[in-house]
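Peer 1: Let me give you the structure first, and then I'll get to my questions.
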Amino acid sequence: MAEATTRAGQKQQPPSWADIPRDLAIHVLRFLPAQVDRACFAAVCPKWRAAARQAVLPAPLPLLALPDGTFYCIPHGKAFRFPLPGCAGYKTAACGRWLVFPRDDGCFLVDPITGSTVALPALSRVRLRPPNAVARYVNVGIEGQNAHAHMFYPHATWMHIRSLHEMMPINKLLMCSPNLVAALIGSTLANAARNSQILVCQPGASSWSVRAYDKCELFEDMAFYRGKLYALNHEENLLIINISQDPRTGDPQISRIGQVIKGDSRYSTMIDTMDKKKLYLVESCGALLMVRRKVCCRMAGDTVVSGQSEFEVFEADFEHSQWVSVTTLGGDQMVFLGRPCSRAVSASQYGMPGDQIFFLDDVLENAKEYDYEDETTSVSVYDMRSAEVSFPLPMAWKHEMIPATWLFPWG
């Protein structure tokens, strides 16, 4: 076909993509849920960059971070790295845009997008309440033996599980507000199981605060919901952590821990089965949800091997102090579920179906509880309508790379 020419016989230049109307460019941009696609869109030309700045768009889908410094931009399967150094080697995430890195016996937070950092106190610097608290023990005779066991009394407390020589595991860390950080700090002691205690601090402060004689719990998750801090233990009890200020320093401290929902004892443990239970807290459509995940396991010789996961979802009924089973996330909602960070988002704004749970094999204790059939893992999706698990995303990584985590750097 002959090229179009002007009346003067000169070749006519094809129209430029930069010349499309701004409203049309913004309309195209709304069909790009991944941040990497939006960045490429803005890089086309100055007019598209201006359209990207002016557009009112839903937050992009989350990033998936791996501890080697690799990132994935959902829903794409191509790995990338941020130009800023120091994104490898994180230990967990702090619900939102922060990665948590160890330093000495404490940690600091890094935003991989901007490079911003937040310093947190060392775990050796903890203000005890009361300040003169000491660990208490009792000698208990061992039946049939002329010996005694040194037992925690009256129960395991922070005074028993704290370690002055080892880096204690951070099981969960929440940046609740600019003035409040909460953490579940675990034990390195074999006889303390996976018990942990709740510590709070202010970013940049010199120390954490802990109620020294509170009973340590097998905490599963924490959430900052409607301006209040909640924790969920393995018995599915929902606890509220009341925060006050230290009258001398103004730093946050825990004034009281109360139970608002008692878990159903029938589901608090899975003693009669090899299956493993994991619990998560996530806010969706203004409600606080507990997601119960059952990892179905089987024996392969002497090894416990994991299989498919099954899910149940419950809504916190604060008025009647109970968990209420629900069969939907809210219709239009989908949940990105992870031990360090979970969040519900509207599915329709991305052109995706609702009532889906995107989940990861991201829990460090998995390696102690069971083995895997495959060397690699990926993002799994549970459909609440069909009760089926699928693996629709192309990325994959080795199990040794856990803990993978979701990041929500843009909102």
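No value in this document is a laboratory result; all are computed from the given coordinates. The structure presented is a predicted model; accordingly, all values stated were derived computationally and were not measured. Every residue, glycine as well, gets a Cβ built from its backbone with ideal geometry; the counts of neighbours run over all protein chains shown.
Peer 1: What is the gain in length, in nm to one decimal, between Ile20 and Lys398 on full extension, counting 0.36 nm per residue of separation less the C-alpha to C-alpha distance?
Peer 2: Details: separation 378, 0.36 × 378 = 136.08 nm, distance 4.44 nm.
That works out to 131.6 nm of additional length.
Peer 1: Mind listing which trypsin sites (Lys or Arg not before Pro) in segment 59-106 are in a DSSP loop and have 15 or fewer other Cβ atoms within 10 Å? Spell out each step's value before the answer.
Peer 2: Numbers: sites: Lys78, Arg81, Lys91, Arg97, Arg103; in loops: Lys78, Arg81, Lys91, Arg97.
Within segment 59-106, the qualifying trypsin sites (Lys or Arg not before Pro) (loop, at most 15 other Cβ atoms within 10 Å) are Lys78, Arg81.
Peer 1: Can you give the Kirkwood hydrodynamic radius for segment 120-269, in Å, rounded to one decimal and based on Cα pairs?
Peer 2: Kirkwood radius, segment 120-269: 16.4 Å.
Peer 1: Ranked by Cβ crowding within 10 angstrom, fewest neighbours first, how are Met384, Met222, Met334, Met274 ordered?
Peer 2: The order, fewest Cβ neighbours first, is Met274, Met384, Met222, Met334.
Peer 1: Another question about this same structure. Sort Lys276, Lys172, Lys228 by Cβ crowding within 10 Å, fewest neighbours at the top.
Peer 2: Fewest-to-most ranking of Lys276, Lys172, Lys228: Lys228, Lys276, Lys172.
Peer 1: I need Arg162, Arg226 ordered by Cβ neighbour count within 10 Å, fewest first.
Peer 2: Values: Arg162 21, Arg226 10.
With the sparsest Cβ surroundings first, the list reads Arg226, Arg162.
Peer 1: Starting from the Cα of Arg53, step 7 Å along the direction of its Cβ; do the same at His150; then give the gap between the two resulting points in nm.
Peer 2: For Arg53 paired with His150, the spin-label model returns 6.5 nm.
Peer 1: When the chain is fully extended, how far beyond the present Cα-Cα distance does Glu388 get from Arg136, taking 0.36 nm per residue of separation?
Peer 2: Extra length from Glu388 to Arg136 when fully extended: 85.8 nm.
Peer 1: Ignoring GluC sites (Glu not before Pro) that are buried or in helix or strand per DSSP, and keeping those with at most 15 other beta carbon atoms within 10 Å, what is the longest stretch of the chain between them?
Peer 2: Formally, the longest exposed-site-free interval is 167-318.
Peer 1: So, one more: For Asp374 paired with Cys296, estimate the spin-label separation in nm (one decimal), with each label point 7 Å from Cα along the Cα-to-Cβ line.
Peer 2: So the label points at Asp374 and Cys296 sit 1.6 nm apart.
Peer 1: Determine by what factor the alpha-carbon radius of gyration of the chain differs from 2.2 N^0.38 Å, reporting the quotient.
Peer 2: 1.15
Peer 1: Counting only DSSP beta bridges with both residues in segment 120-269, tell me the antiparallel percent, nearest 5.
Peer 2: 90
Peer 1: Separate question: Sort 240-252, 55-67 by the packing proxy (mean of other Cβ within 10 Å over each peptide's residues), most packed first.
Peer 2: With the highest mean Cβ count within 10 Å placed first, the list reads 55-67, 240-252.
Peer 1: Same structure again: With respect to the cross-link table entries Lys276/Lys398; Lys47/Lys78; Lys228/Lys278; Lys172/Lys278, which display a Cα-Cα separation exceeding 19 Å? Spell out each step's value before the answer.
Peer 2: Numbers: Lys276/Lys398 21 Å; Lys47/Lys78 28 Å; Lys228/Lys278 23 Å; Lys172/Lys278 14 Å.
Over 19 Å Cα-Cα: Lys276/Lys398; Lys47/Lys78; Lys228/Lys278.
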